[in-house]
1. Would you tally the residues in the range A:86-102 being part of a helix (DSSP H, G or I), touching a helix residue (DSSP H, G or I) at 6+ places or on another chain (Cβ under 8 Å) and either facing another protein chain (nearest Cβ under 9 Å) or within 13 Å of B:GLU6 (Cα to Cα) (or both)?
2. Please specify each residue of the range A:50-108 satisfying the condition of being farther than 16 Å from A:ASP28 by Cβ and among the hydroxyl-bearing types (Ser, Thr, Tyr).
3. Please determine whether any residue of the range B:148-159 is part of a helix (DSSP H, G or I), out of contact with any Gly (no Cβ under 6 Å at 6 or more places or on another chain) and at pLDDT 85 or above.
4. How many residues are in a loop (DSSP other than H, G, I, E, B), buried (at least 17 other Cβ atoms within 10 Å of the Cβ) and not acidic (Asp, Glu) if we restrict to the range B:76-108?
5. Working carefully through the options B:PRO28, B:PRO45, B:PRO116, find the one that is loosely packed, with under 13 Cβ neighbours inside 10 Å and in a helix (DSSP H, G or I).
6. Taking the range B:48-75 as the search range and keeping residues that are modelled with pLDDT of 90 or more and small (Gly, Ala, Ser), which one is most open to solvent (accessible area, probe 1.4 Å)?
7. For B:GLY133, indicate whether it is buried (at least 16 other Cβ atoms within 10 Å of the Cβ) and part of a loop (DSSP other than H, G, I, E, B).
8. Starting from the range B:83-111, keep only residues that are free of Cβ contacts under 8 Å to residues at least 12 places away in the same chain and of a type in the set (A, V, I, L, M, F, W, C), then list their pairs with residues that are in a helix (DSSP H, G or I) and surrounded by 14 or more Cβ atoms within 10 Å (Cβ to Cβ) whose Cβ atoms are within a distance under 6 Å, requiring at least 6 positions of separation or different chains.
Amino acid sequence: MSAIAALFVIPGLFFFAVGTLGILRFPDFYTRLQAAGKCDSFASVLVLLGIAIYNLGDFTLASLLVSIKIMLIAVFVFIASPTATHAITESALIVGVEPWMRKERKKQ
Amino acid sequence: MKRLQERAQNRPTGESPIIRMAVRVMIPFIQLFGLYVIVHGHYSPGGGFQGGVILGASFILMALAFDLKTTTDYFSEKANAILGNAGALIFTGLGALTAILGGLWLDYSALDRIIPLGPIEWRSMGIFLVEVGVGLAVMSIMVSLYWDLASGGDMDEGL
């Protein structure tokens with residue numbers, strides 16, 4: 001069970017690391033938000049799935065119940081995180097945050 | 001970029017349909033989770049205050065995604081005031097009742113004289129009753145604080 005759980009948790013950690021790298025290295029608001037929103041929602045779902053499988057190791061009714069609760073958290077994150085990203089992006093668009101462009105294209 | 005910005009500003013339906021749909025899906029589950037936290041308060045993490053805050057946050061989320069008027073349609077100001085006062089009355093009334101029945105303030109085992117369940121069972125049940133009162137009061141205060149702060153006191157428009 002713990003091997004299967006590691007199969008989910010390790011890619012999740014990899015996506016978290018990539019998302020953090022994106023937040024640090026991308027040039028402007030929108031691209032950073034994309035890195036944060038996409039990687040974090042996918043990675044947290046993967047990590048939670050791994051934890052749920054690991055918790056199912058001794059197969060009893062109580063651990064099954066806890067695993068189902070963890071999966072409900074994953075579903076909730078999967079709905080809420082993209083919506084929050086969408087709301088932040090939209091309000092940035094309305095306020096008028098300029099997206100990053102290459103210098104040659106900006107002159108035209 | 002300019003065209004996208006104009007389209008986002010002049011959209012006729014107000015807030016984005018994606019946000020509305022997601023909020024519509026999430027609110028029942030948030031309220032169910034708030035009730036779960038209140039009911040399980042006496043033997044797992046959580047309790048009246050936390051559950052009340054979650055319940056109040058569900059109405060605040062509704063007011064943020066739609067507008068203040070939709071919230072007051074579902075949950076009127078009068079009902080809010082009645083629920084909040086009922087919560088405070090449950091808490092202080094239970095404390096006073098235990099004191100009148102001969103125990104200390106909020107000593108639930110004194111309630112054994114009304115309904116004989118045994119003092120240990122009544123301690124567990126009494127905590128549950130008080131948690132329900134605290135949850136109702138906290139939910140009502142959270143929602144009315146948000147309503148008054150967002151609309152400047154005159155409950156008409158809001159954010």
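1. So the answer is 6.
2. Hits for the range A:50-108 are A:TYR54, A:THR60, A:SER63, A:SER67, A:SER81, A:THR83.
3. yes
4. Summing the residues that are in a loop (DSSP other than H, G, I, E, B), buried (at least 17 other Cβ atoms within 10 Å of the Cβ) and not acidic (Asp, Glu) in the range B:76-108 gives 2.
5. Answer to the check: B:PRO28.
6. The qualifying residue most open to solvent (accessible area, probe 1.4 Å) is B:ALA57.
7. no
8. B:TRP105/B:GLY95; B:TRP105/B:ALA99
The values are calculated or read from the model by the stated rules, or taken from the named source; none is laboratory data. Everything numeric in this text was worked out from a predicted model, so none of it was measured. A quick note on method: Cβ atoms are made from the backbone with ideal geometry, for glycine too, and the neighbour counts reach across all protein chains shown. Quick note on the areas: whole protein, heavy atoms, side chains included, nothing else; ligands and nucleic acids left out. Shrake-Rupley method; radii C 1.70, N 1.55, O 1.52, S 1.80 Å.
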